[in-house]
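Q: My structure is below; once you've seen it, I'll send some questions.
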Amino acid sequence: MKYPGFFRSLSLCVAVVPLLLSGCASYYSHYAVFPAENSQGEARQVKLTWQTAEYPGWWVVDNKSTPITIETQCSARKWRLVDDSHDEAGGADCGNGIRACGVQGEDVLARNDTPAGPGTRCMAINPGEPDARITDIDSSLGLLVSCQPARTVRGSGDDSEHIDYIRASAVPYTIYSRKSPRGRLNARPPELDDAVCEDND
């Protein structure tokens with residue numbers, strides 16, 4: 001007769017543990033916006049965004065993060081940079097660290113116009129650190145861009161869209177990011193202004 005009570009206690013523990021795991025984390029939003037040029041030499045704003053869940057040092061769970069999304073003003077192309085802690089990293093077989101791989105037919109290596117595909121690292125954050133994780137990023141980071149778009153516009157006519165992105169550079173861009181507890185007003189990154197895009201259409 002003791003078993004039913006035991007199983008009720010066990011099921012209660014199983015239900016409570018996930019709540020404890022989530023309750024011990026502190027959640028943060030991170031973003032950076034900085035000026036750069038796209039591959040055509042046009043002045044653009046570039047935005048990086050990601051989120052983290054940070055646990056106390058004594059806790060059994062490692063800190064977690066979302067991938068980093070990189071957007072370039074006036075472009076529909078979004079890059080997602082992952083590290084080995086992300087499920088998506090299995091499809092990002094272009095090196096270690098925090099990286100994004102090229103897309104066949106859409107990217108080329110900037111240094112020689114060689115087609116870049118899934119095995120080509122097109123973007124990397126803190127590229128000199130092969131074990132880098134997004135959760136380890138401080139307030140500054142280095143973004144290395146090695147690729148450029150094979151074409152800057154996709155489609156034609158009313159169905160066309162710009163897919164250009166931040167210009168490749170032989171040395172990493174130095175970027176400073178902001179970190180705020182999730183939910184605060186200042187945790188939301190600014191929207192990229194489309195007015196300059198309309199002027200260039």
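Q: Here is a check on your reading of the model: is residue 169 within 23 Å of residue 51 (Cβ to Cβ), of a type in the set (Ser, Thr, Tyr) and either in a loop (DSSP other than H, G, I, E, B) or in contact with a helix residue (DSSP H, G or I) (Cβ under 7 Å, 6 or more places away or on another chain) (or both)?
A: no
Q: Answer with yes or no whether residue 133 is of a type outside the set (A, V, I, L, M, F, W, C), within 13 Å of the chain's Cα centre (by Cα) and open to solvent by 60 Å² or more (accessible area, probe 1.4 Å).
A: Working: of a type outside the set (A, V, I, L, M, F, W, C): yes; within 13 Å of the chain's Cα centre (by Cα): yes; open to solvent by 60 Å² or more (accessible area, probe 1.4 Å): yes.
Against the criterion (of a type outside the set (A, V, I, L, M, F, W, C), within 13 Å of the chain's Cα centre (by Cα) and open to solvent by 60 Å² or more (accessible area, probe 1.4 Å)), residue 133 qualifies.
Q: Can you go through 151, 121 and tell me which one is modelled with pLDDT of 95 or more, in contact with a Gly (Cβ under 8 Å, 6 or more places away or on another chain) and open to solvent by 70 Å² or more (accessible area, probe 1.4 Å)?
A: Result of the check over 151, 121: 121.
Q: Of the residues that sit in segment 55-71 and are closer than 17 Å to residue 141 by Cβ and of a type outside the set (Gly, Ala, Ser), which one is nearest to the chain's Cα centre (by Cα)?
A: Taking the candidates together, the pick is 68.
Q: Still on this structure: Pairs only if they're at least six apart or on different chains, beta carbon under 9 angstrom, first in segment 84-107 and farther than 16 Å from residue 137 by Cβ, second at pLDDT below 95 and part of a strand (DSSP E or B); list them, first residue then second.
A: 106/154
Q: Further question: For residue 172, state whether it is open to solvent by less than 40 Å² (accessible area, probe 1.4 Å), farther than 28 Å from residue 57 by Cβ and of a type outside the set (A, V, I, L, M).
A: Judged against the criteria, residue 172 is not a match.
Q: Taking segment 48-65 as the region of interest, how many residues are within 20 Å of residue 95 (Cβ to Cβ) and out of contact with any helix residue (DSSP H, G or I) (no Cβ under 8 Å at 6 or more places or on another chain)?
A: Of the residues in that region, 1 qualify.
The values are calculated or read from the model by the stated rules, or taken from the named source; none is laboratory data. These figures come from a predicted structure and were not determined experimentally. Positions of Cβ are generated from backbone atoms using ideal geometry, with glycine treated the same way; all protein chains shown enter the neighbour counts. In case anyone asks, the SASA skips ligands and DNA or RNA and just uses the protein heavy atoms, side chains included. Shrake-Rupley method; radii C 1.70, N 1.55, O 1.52, S 1.80 Å.
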